[in-house]
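Here's the structure, in structure tokens; my notes come after.
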Amino acid sequence: MAARDASTNGSRPPEEDEGPLEIAIVGDLTDNASELTDRLLGIPPGGECTIYFDSPGGSPYCAMSLVSLLRLRDTRATAVVTGECSSAALWPFAACRRRIVTPYSVFLFHPMKWQSEEHIGIREAAEWSRHFAALEREMDVLLCDLLGGPEDLINDWIRTHRYVTGREMAEAGLAELVSLEPLAAILPR
């Protein structure tokens with residue numbers, strides 16, 4: 001997932017001090033949670049990284065864990081959406097201090113979906129439903145806060161299950177639009 005390996009204390013060999021750690025969030029967040037957590041913990045508190053996104057989402061709990069790590073450790077992250085950044089992947093994207101998209105980047109906003117693969121009793125289902133409704137409201141508010149953009153527009157995208165392009169994200173002031181040219185000129189090194 002990372003272009004460079006970081007040791008547990010966050011230090012890198014001198015030949016690798018060429019810029020921030022690069023991390024790829026590709027595929028389902030849930031399937032990669034352990035590795036993504038380990039990579040983020042390899043960045044010293046207050047350190048920099050570039051996170052490349054091509055993810056359809058995954059567990060909202062995994063997304064919140066990644067957001068918590070980025071924010072609580074004051075990670076100076078730059079997000080670059082190379083393909084898709086949808087559903088639960090929107091939260092770690094929004095938690096990045098800088099967000100870069102291309103005209104071909106795609107984002108799917110939608111209400112959270114409840115899925116259970118277990119046989120559960122009616123009381124547990126009722127409690128899960130109560131919890132899930134509260135979690136959905138809190139996550140929607142948090143997404144708007146993290147993105148720092150027009151709440152009405154973001155909430156409309158969520159309610160209507162809207163696919164949003166990179167260009168639309170930039171027009172809404174939520175990201176920087178770049179062409180498919182080398183990023184070297186705009187990323188920190």
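Just one of (1) of a type in the set (S, T, N, Q); (2) under 19 Å from Leu142 (Cβ atoms); (3) without any contact (Cβ under 8 Å) to a residue 12 or more places away in the chain trips up Ser34, so point out which.
(2)
If I filter segment 143-167 down to residues being in contact (Cβ under 8 Å) with a residue 60 or more places away in the chain and assigned to a helix (DSSP H, G or I), which single residue comes out as nearest to Phe93 (Cα to Cα)?
Leu146
If the requirement is being touching a helix residue (DSSP H, G or I) at 6+ places or on another chain (Cβ under 9 Å), modelled with pLDDT of 95 or more and part of a loop (DSSP other than H, G, I, E, B), which of these qualifies: Pro92, Pro45? Write out each step before concluding.
Values: Pro92 fails: part of a loop (DSSP other than H, G, I, E, B).
Result: Pro45 is the single residue among Pro92, Pro45 that is touching a helix residue (DSSP H, G or I) at 6+ places or on another chain (Cβ under 9 Å), modelled with pLDDT of 95 or more and part of a loop (DSSP other than H, G, I, E, B).
Does Glu118 satisfy being more than 19 Å from Pro92 (Cα to Cα) and at pLDDT below 80?
Details: more than 19 Å from Pro92 (Cα to Cα): yes; at pLDDT below 80: yes.
So Glu118 fits the description; yes.
What is the one condition in (1) modelled with pLDDT of 90 or more; (2) surrounded by fewer than 16 Cβ atoms within 10 Å (Cβ to Cβ); (3) within 20 Å of Val164 (Cβ to Cβ) that Lys113 does not satisfy?
(1)
Test of understanding: among Ser86, Ser59, which residue is of a type in the set (S, T, N, Q) and under 26 Å from Tyr104 (Cβ atoms)?
Details: Ser59 fails: under 26 Å from Tyr104 (Cβ atoms).
One residue alone meets the criteria, Ser86.
Test Ala134 against the criterion of being modelled with pLDDT under 90, over 23 Å from Ala63 (Cβ atoms) and either among the acidic types (Asp, Glu) or not in a loop (DSSP other than H, G, I, E, B) (or both), and give yes or no. Before you say what the answer is, go through the steps one by one.
Numbers: modelled with pLDDT under 90: yes; over 23 Å from Ala63 (Cβ atoms): no; either among the acidic types (Asp, Glu) or not in a loop (DSSP other than H, G, I, E, B) (or both): yes.
No, not satisfied.
Please work out which one of (1) modelled with pLDDT under 95; (2) surrounded by fewer than 17 Cβ atoms within 10 Å (Cβ to Cβ); (3) among the aliphatic types (A, V, I, L, M) is the condition Leu72 fails and give its number.
The failed condition is (1).
Just name the residue that is nearest to the chain's Cα centre (by Cα) out of those in segment 16-42 that are buried (at least 22 other Cβ atoms within 10 Å of the Cβ) and assigned to a strand (DSSP E or B). Show your work before the answer.
The initial filter retains those residues of segment 16-42 that are buried (at least 22 other Cβ atoms within 10 Å of the Cβ), namely 21, 23, 25, 29, 36, 39-40.
Imposing the further condition that a residue be assigned to a strand (DSSP E or B) reduces the set to 21, 23, 25.
Numbers: Leu21: 16, Ile23: 12, Ile25: 8 Å.
Within segment 16-42, the match that is nearest to the chain's Cα centre (by Cα) is Ile25.
The values are calculated or read from the model by the stated rules, or taken from the named source; none is laboratory data. Given the structure is predicted, the values throughout are model-derived calculations rather than measurements. With ideal geometry, Cβ positions are generated from the backbone for all residues, glycine too; neighbour counts draw on all protein chains shown.
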